[in-house]
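The values are calculated or read from the model by the stated rules, or taken from the named source; none is laboratory data. Predicted, not measured: the structure shown is a model, and the values here were computed from it. Cβ placement follows ideal geometry from the backbone for every residue including glycine, while neighbour counts extend to all protein chains displayed. Only protein heavy atoms, including side chains, enter the accessible area calculation; ligands, DNA and RNA are left aside. Shrake-Rupley method; radii C 1.70, N 1.55, O 1.52, S 1.80 Å.
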Amino acid sequence: MVVSMALLRQSPSFELLFHCPVQRTRFLSPAGLSGLRNRFPSCRWLSLTSPASSSYRRLNSFTSRCSITNTDVCHEFVTTTDDEDLPSPPEDHPIPIVHLDNTNIAVTESLSLLTECTYVDTVLTALPVLSEEEQTALAATPAHPEGLYVLYASCLVGNLVEQLWNFAWPSAIAMLHPSLLPVAVMGFVTKLAIIICGPVVGKFMDHSPRVPTYISLNVVQAAAQVLSAGMIIHAYTVPSTLGSSILLQPWFFALILSGAIDTLCGIASGVAIERDWVVLLAGINRPIALAQANAVLNRIDLLCEIAGTMLFGILLSKYDPVTCLKFAATLMMGSLPAMTALIWLTNKFSSGVLDRPKCSQSSCASEGPRSETDSIFDLGMEAIKLGWKEYIQQPVLPASLAYVLLCFNIVLTPGSLMTAFLTQRCVNPSVIGGFSGLCAVMGVAATFLSANLVKRFGILKAGAVGLFFQASLLGVAVAVYWSSSLSQKSPLFFFLSMIVLSRLGHMSYGVVGAQILQTGIPSSKANLIGATEISVASLAESLMLGVAIAANDASHFGFLAVLSLLSVVAASLIFCRLLRNPTDEQRRLFSFDPLAN
């Protein structure tokens, strides 16, 4: 902005700054000011509506030593060009007078003002742009690498204990009772608890501070696991526990309750880490770093599953079940202080990023006022309705539905139904164990592959690649099952090899799909929507298990295999909707993905 100024005679720094003689009169004429401006073409004269710049802020510092009077200047005489002359202001618009309170303005400060003005001109004419290699390096660099590494250590400790216990309690109960009924009942009650209480727990997590809530969940989960171990030890020490009435024993009711609490706490903490914490630590706008972090978390989970199973299996082969359960309980209590310390260090090394609020005032206010007379049942029903509503309205619903449909595939996986089918086919137990082990290896390999897929194809196309790869290989496996007899070794091994290779696509989409959901779901709703998604997935698994119970004969395995294949194909087709017909919100969310469209 060009403003005519009157300078006092006691200002020698002005001549030194502009290297031109200044006539020491009360006013500078417009023509003289125009000539002064033309001496410095590198300095742009910004209009009144120009955005703030560094020179503008520097002028604010300069004018803090001055007082301006008669600032009623007409806007008609503001110009941004360097060619046309400034018109003379009319007489009814006085020129502002600058009164210098301190005449000893440093020359270095004036030179700095000139330098910054030149810098503004450089920024306005040529903005620096990162090269493609620099952008890729930035996208692969976590926002808080130290905190992320400490989080990995915490997940390693917690997952090892959890996976060991997930193998320990069904093994101990199976040795206590010859029937699969107690384990099946506990599994059914656990799924039911997830379906009903998942949204409630998710809403609680979204409205609670991250670090204290996570530590509290670890304490409650450890207490539930120790209580479960105590109940099973009590069952071993009780003198005559009738097998037919084991479901009616008081200790079994306590075991079911503690097992449900253990599962809910584990799901809540897992959703918090996967959907919220890792996004803050890796950076939501750093897709490669986020993909690598998701891959590491899945790698840790798979390795802990293998290590925990092997550890308790070795202990169970050398010691009695009571001794093994006591060791597991001791390990649970001993790991709790270590996990608490690691979580505290995670927040400290990430500069307190985990202390950021999750629920803004607008989003919290949109939920409506709370009544003190509302019962727990009413609050729970409200949370369930809100969870389903937010789940349906999430911007990346196709990706979530694809994950849910993959949960219908309970046959063409290394699960209990496949193990039972192979056992009834008189397959060597070493082959069954090798099949499960190779599937786990493929899962670990997929965690290394997923980050490269994101880097090469982009987030969305990487998810599509994983889904189509899995669907195509499972299609070949089903075709082999219907076209040949699995009683022969060659068709059987080819059938199993297709399932093993399909796990590569399954786990790749697991990692990439998690990143899609992390990007599309706001942090204020991450736990609520994540827990509701797990509830929907548990419902899908329960429905498919009901179909398997109805068609429990081994001759119906082909029918179940076709249903599993159709669910994977449907997941691939639904995910294509996210690629071919993205909404405006989806385009905005994945605008950083160069290959998303």
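Is it the case that some residue within the range 276-299 is in a helix (DSSP H, G or I), under 23 Å from Met186 (Cα atoms) and under 33 Å from the mean Cα position of the chain (by Cα)? No, the range 276-299 contains no residue that is in a helix (DSSP H, G or I), under 23 Å from Met186 (Cα atoms) and under 33 Å from the mean Cα position of the chain (by Cα). Restricting to the range 133-178, and then to whatever is acidic (Asp, Glu) and at pLDDT below 85, can you tell me which residue is most open to solvent (accessible area, probe 1.4 Å)? The extreme case among them is Glu133.
Determine whether the range 327-341 contains at least one residue that is surrounded by fewer than 21 Cβ atoms within 10 Å (Cβ to Cβ) and either of a type in the set (Lys, Arg) or at positive phi (or both). Within the range 327-341 (the criterion being surrounded by fewer than 21 Cβ atoms within 10 Å (Cβ to Cβ) and either of a type in the set (Lys, Arg) or at positive phi (or both)), the answer is no, since none of the residues qualifies. The residues of the range 452-481 that are exposed (fewer than 15 other Cβ atoms within 10 Å of the Cβ) and either at pLDDT below 90 or not in a helix (DSSP H, G or I) (or both) amount to a single one, Arg456. Assessment of the range 186-196 against the conditions (touching a Gly at 6+ places or on another chain (Cβ under 7 Å) and charged (D, E, K, R)) yields no matching residue. For first residues located in the range 244-269 and closer than 16 Å to Trp169 by Cα and modelled with pLDDT of 90 or more, partners that are in a helix (DSSP H, G or I) and acidic (Asp, Glu) and lie 6+ apart or on another chain with Cβ distances below 9 Å form the pairs Asp262/Glu162; Gly266/Glu162. Of the residues making up the range 548-570, those that are among the hydrophobic types (A, V, I, L, M, F, W, C) and open to solvent by 80 Å² or more (accessible area, probe 1.4 Å) are Ile549, Ala550, Phe559, Leu566.
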